[in-house]
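Reviewing the structure listed below.
The values are calculated or read from the model by the stated rules, or taken from the named source; none is laboratory data. Everything numeric in this text was worked out from a predicted model, so none of it was measured. Each accessible area value is taken on the protein alone, full model and side chains, heavy atoms only, with ligands, DNA and RNA left out. Shrake-Rupley method; radii C 1.70, N 1.55, O 1.52, S 1.80 Å.
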Amino acid sequence: MNISTIKSGRVGAFFGMPRAPCISIAPVRSETFSATRINRTLREGEIVNVTLPAADAYFVMVYLEAAVHADVQEDGSSPIPKSYATSSVCLVDLCQGVAISLRSSLHSLALVIPKPLLSEVEAIRTAEGGRVPDPPRLVCRRGEADPVIASIAAVLLPLFERDDPASSALLRHLATAICAHLLHNFSAKPDPWERNLTSQENKTGGSNDDC
């Protein structure tokens, strides 16, 4: 699997579930929000490594049931596994990809949110209606309770079994609501030093590709 799969939003294959159900929609303009239903059952003592490649997107995991997994470091080592409670949420930046080691069954919703989609929603949210000068940046979270996203996830679940215009309209609304919630609650404060650096690089033709 490669980066194009992440862009399509179909991330089930990375969890060993290539046929995992996935729903997606472009809620504002051209950028696509996607949600994949992950039901990966592990035997007792079984360990499964999952690697998501780098992409210009954020990845949100909503835990429908409690789970246990550990991050995988660049050298292949894993720290002590961490427990994630039912309805908790992980939010990670895929700018460098991410790898985890599953230590329990995983029943979750995996959301892929392209960064340009956040810009589209931010333009509406701030009533600018045009291009957002500075692309929104989110602060990553690990296993935190988020009742709002948990409630939206509960509404999303029945949509995996439906395919009709009403479902598409509801998915569009829910996708926009999730993006707006993340922007309102998890936006990183602008870094004046970084903004000045970017301005200077634009003048000199340079670029800053760091996440």
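Values as computed for the structure displayed
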item	result
Carbon plus sulfur fraction of accessible area for the stretch 46-125, probe 1.4 Å, in percent	52 percent
Interchain or long-range residues, amide H under 5 Å from A54's placed H	G97
³J(HN,Hα) computed for each position of the stretch 149-161 - Karplus, 6.51 cos²θ - 1.76 cosθ + 1.60, integer Hz, glycine/proline x	5, 4, 5, 5, 4, 5, 6, 5, 3, x, 5, 5, 9
